[in-house]
Amino acid sequence: MKHVSTSTTLAAITATLLLSACAGMPGARFSQDALPAAVQVPAGNTVAMETVGAGDISYECRAKKDVAGQYEWAFVGPNAVLSDRAGKAIGKYVGPPATWENNDGSKVTATQLAVAPAGAGNIPYQLVKANPAVGSGAMTGVTYIQRVAIRGGVAPASTCGAANLGAKEIVKYQADYIFWKAA
């Protein structure tokens with residue numbers, strides 16, 4: 001077994017902590033290198049804003065479409081607060097339709113382009129193409145939005161059947177929303 005000095009170990013830990021802290025600082029570059037190709041933003045776009053969305057996703061027990069006698073928890077919509085990397089609330093994410101709104105009054109809806117698995121217990125990564133913004137402000141010129149760093153949000157594990165058809169349940173989730181603009 002190789003012996004590592006305490007000073008070497010301390011230096012490695014310090015470097016790791018500094019790199020982790022820098023990743024969340026304003027001005028740090030978001031890297032999509034570790035994301036599945038399907039949800040990567042095309043070249044020619046740059047990160048305009050990074051947010052953390054934390055809130056609820058609503059589900060409703062419904063009959064499965066085109067499958068008689070079967071039921072499922074169907075996604076109804078999100079309701080989350082969008083905060084900057086410093087933790088300051090700067091907007092909200094609600095739906096349907098999926099709408100990201102900044103506190104400056106600008107807002108954008110989008111069309112889903114792709115999803116990719118984000119691990120057990122998490123809703124998927126997502127890439128959406130933004131529609132033209134309403135209002136003038138932070139959302140003006142947004143071209144794409146990515147959902148990454150996801151925790152939770154999957155449909156409830158409770159039973160959904162004929163006996164509780166129409167029942168609603170809310171689950172907690174958190175995800176980073178990365179807003180891109182044309183370079």
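Distance between the 7 Å Cα→Cβ label points at Thr159 and Lys65: 2.7 nm.
Sorting Ser31, Ser58 from the fewest to the most surrounding beta carbons within 10 angstrom yields Ser31, Ser58.
As a ratio to 2.2 N^0.38 Å, the alpha-carbon radius of gyration computed for region 28-152 takes the value 1.14. Along region 34-45 the Karplus relation, 6.51 cos²θ - 1.76 cosθ + 1.60 evaluated at θ = phi - 60°, assigns HN-Hα couplings of 7, 7, x, 3, 4, 10, 7, 6, x, 4, x, 10 Hz to successive residues, with x for each Gly and Pro. Charged neighbours of Pro132, selected by a Cβ distance under 13 Å, balance to +3 (K, R count +1; D, E count -1). In plain terms, the residue of Leu82, Leu127, Leu35 with the fewest other Cβ atoms within 10 Å comes first and the most crowded comes last, giving Leu35, Leu82, Leu127. Counting other Cβ atoms within 10 Å as a rough exposure proxy, the listed residues Met49, Met139 run Met49, Met139 from fewest neighbours to most.
Among the listed pairs Lys64/Lys88; Lys64/Lys172; Lys64/Lys107; Lys64/Lys181; Lys92/Lys181, those whose Cα-Cα separation exceeds 31 Å are Lys64/Lys88; Lys64/Lys107; Lys64/Lys181. Between Lys129 and Asn79, the contour length at 0.36 nm per residue exceeds the alpha carbon distance by 16.0 nm.
A short reminder: the numbers here are calculations on the coordinates, not readings from a lab. What you are looking at is a predicted structure, and each value in this text was computed from that prediction instead of being measured. Cβ: placed from backbone, ideal geometry, glycine included. Neighbour counts: every protein chain shown.
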